[in-house]
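J.: Before I ask anything, let me first share the structure, which is written out below as structure tokens.
The values are calculated or read from the model by the stated rules, or taken from the named source; none is laboratory data. Model, not experiment: these values are computed from the prediction. Backbone-built Cβ (ideal geometry, glycine too); neighbour counts: all protein chains shown. The protein model used for the area step is the full one, side chains on, heavy atoms only, and it has no ligands, DNA or RNA in it. Shrake-Rupley method; radii C 1.70, N 1.55, O 1.52, S 1.80 Å.
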Amino acid sequence: MKLATLKQGGRDGTLIVVNRSLTHCRPVSAIARTLQAALDDWDACEPQLRQIYEALNSGAFSDAVPFDPLLCHSPLPRAYQWADGSAYVNHVELVRRARGAELPSEFWADPLIYQGGSDSFVGPCDPIYALSEDWGIDLEAEVAIITGDVKMGASAAQCVRAIRLLMLVNDVSLRNLIPGELAKGFGFFQSKPATAFSPVAITPDELGSDWREGRVHRPLTVQINGEMFGQPDAGTDMIFNFPQLVAHVTKTREMEAGSIIGSGTVSNKQGDLNGSSIANGGVGYCCLAELRMYETIETGKPQTPFLKFGDTVRIEMFDREGKSLFGAIDQNVQHYV
């Protein structure tokens, strides 16, 4: 099943069901006005939403309207919780290696998670706003889940059943603000502006066999200024799967329906550093910082700049037939005025 939220009907938008091919949709206010309302009463709403979805796919609705991602907000325009992990330890290892630091062994056994700002997400086609290019504007392409209610102390096996929906993420980072914040020992805040999610959220069964072991086993494609930048596989080198990330969060607290957990920047290990780019036959990257890390390791300093005003970013994932699964996050970088 595929769900989206239109930018109409109030701050939390209007829930719609979208067909599998992402061409048509149908409002479902009689079932749930917003996605959060559907998540709050998922056991009752999910069968009704799925019935609409199946009818859309069969062409049963003559009044179905064209689906336009430009009219969409992120599936949840705001959320009760947005916690982002760093499940691809290769990414963390590269960051530390570039500055000559060892990776603590516990990073392979205990997930890293930070709590992001969830009061205001931006739409999948909205600009990436910043006040200065000097902040080091970077994309971070990820996968995320939306959960139902989860009890404190839930095991990873129990957390599997709480995963309701999947999305793509652009978790923008302001790289040049990060070192000063982390030096204070209190985590990210100013360095993490508003996050964008894919126009469509999907139930895990839409992936078929590509959803297994709590991971999405499809390449995540990233384009910068229309050129392919990365296509690493989201299921490869994901050390902590989504149920493990949820279990980590719920060690000391409950999670409420509508909570979002991110995978962290998708990153695949690549043996030859010089061959890691798309141009050299590698799978590329999901953030500029990782490319700059490789450049630092190889040449002593980064060569590639961070994003500038006017640059474009496109993040998308395709099924085995080459059809878009979630629609695209398609943003440009703009000066905030």
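J.: Kindly check whether there is at least one residue in the stretch 262-283 that is buried (at least 19 other Cβ atoms within 10 Å of the Cβ), assigned to a helix (DSSP H, G or I) and either at pLDDT 95 or above or touching a strand residue (DSSP E or B) at 6+ places or on another chain (Cβ under 8 Å) (or both).
T.: Taking every residue of the stretch 262-283 in turn, none turns out to be buried (at least 19 other Cβ atoms within 10 Å of the Cβ), assigned to a helix (DSSP H, G or I) and either at pLDDT 95 or above or touching a strand residue (DSSP E or B) at 6+ places or on another chain (Cβ under 8 Å) (or both).
J.: It is to be established whether one or more residues within the stretch 78-101 are in a helix (DSSP H, G or I) and touching a strand residue (DSSP E or B) at 6+ places or on another chain (Cβ under 9 Å). Break it down stepwise before answering.
T.: Of the residues in the stretch 78-101, the ones in a helix (DSSP H, G or I) are 89-98.
Next, only the ones that are touching a strand residue (DSSP E or B) at 6+ places or on another chain (Cβ under 9 Å) stay: none.
No, the stretch 78-101 contains no residue that is in a helix (DSSP H, G or I) and touching a strand residue (DSSP E or B) at 6+ places or on another chain (Cβ under 9 Å).
J.: I'm told residue 68 meets every condition in (1) more than 22 Å from residue 7 (Cα to Cα); (2) at pLDDT 95 or above; (3) surrounded by fewer than 22 Cβ atoms within 10 Å (Cβ to Cβ) except one. Can you identify the failing condition by its number?
T.: The failed condition is (1).
J.: Determine, yes or no, whether residue 193 is closer than 21 Å to residue 72 by Cα, assigned to a loop (DSSP other than H, G, I, E, B) and either open to solvent by less than 20 Å² (accessible area, probe 1.4 Å) or among the polar types (S, T, N, Q) (or both). Write out each step before concluding.
T.: Details: closer than 21 Å to residue 72 by Cα: yes; assigned to a loop (DSSP other than H, G, I, E, B): yes; either open to solvent by less than 20 Å² (accessible area, probe 1.4 Å) or among the polar types (S, T, N, Q) (or both): no.
Judged against the criteria, residue 193 is not a match.
J.: Please specify each residue of the stretch 8-28 satisfying the condition of being over 19 Å from residue 79 (Cα atoms) and either open to solvent by less than 50 Å² (accessible area, probe 1.4 Å) or in contact with a Gly (Cβ under 8 Å, 6 or more places away or on another chain) (or both).
T.: Selection gives 17, 18, 19, 22, 25, 28.
J.: Name every residue in the stretch 29-58 that is open to solvent by less than 60 Å² (accessible area, probe 1.4 Å) and in a loop (DSSP other than H, G, I, E, B), in order of residue number.
T.: 31, 32, 34
J.: Name the one entry in 184, 192, 251 that is modelled with pLDDT under 95 and more than 23 Å from residue 53 (Cβ to Cβ).
T.: Details: 192 fails: modelled with pLDDT under 95; 251 fails: modelled with pLDDT under 95.
When all the criteria are applied, what remains is 184.
J.: If I ask for residues that are open to solvent by 40 Å² or more (accessible area, probe 1.4 Å) and among the β-branched types (Val, Ile, Thr), which ones from the stretch 216-253 would you list?
T.: Hits for the stretch 216-253 are 236, 239, 252.
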